[in-house]
Amino acid sequence: MQNDDVEFKKTVGQRVKRLRLGSGATQDTLAERCGIYRTYLSRIEAGAANPTLVVLGALAAALNVDLCELFCDFEKMSAMGLQRTHGAASAKP
């Protein structure tokens, strides 16, 4: 696994956590709404899990946001020199 893949997961996880905290939900509550284990949600928020699109959709729905809201921080990553190419992240030359 490349470091950029880890950064991608961490960025999504951090966004999920910010949205969860902003909604006032606990990990237990959000996990229950999504039908996933709290420990799995914890791993997602820490950037240690690689959630499927179905799980990301469930998280977005439970947080009452559009799915694209989970990815809005990637504009910041792009500004820092990271871009997505053919499914893999790479640093700009």
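Odds and ends about this structure:
- Extreme residue, farthest from ASP5 (Cα to Cα), among residues of the range 28-73 that are β-branched (Val, Ile, Thr), outside any helix (DSSP H, G or I) and free of Cβ contacts under 8 Å to residues at least 40 places away in the same chain: ILE36
- Top-ranked residue in the range 58-89 [being modelled with pLDDT under 65 and either among the aliphatic types (A, V, I, L, M) or within 10 Å of ARG15 (Cβ to Cβ) (or both); ranked as surrounded by the fewest Cβ atoms within 10 Å (Cβ to Cβ)]: ALA79
- Considering only residues in the range 38-57 that are closer than 15 Å to ASP28 by Cβ and out of contact with any Asp or Glu (no Cβ under 9 Å at 6 or more places or on another chain), the one that is surrounded by the most Cβ atoms within 10 Å (Cβ to Cβ) turns out to be ILE44.
The values are calculated or read from the model by the stated rules, or taken from the named source; none is laboratory data. This structure is a prediction, so every number in the text was calculated from the model and none was measured. Virtual Cβ from ideal backbone geometry, glycine too; neighbours counted across all protein chains shown.
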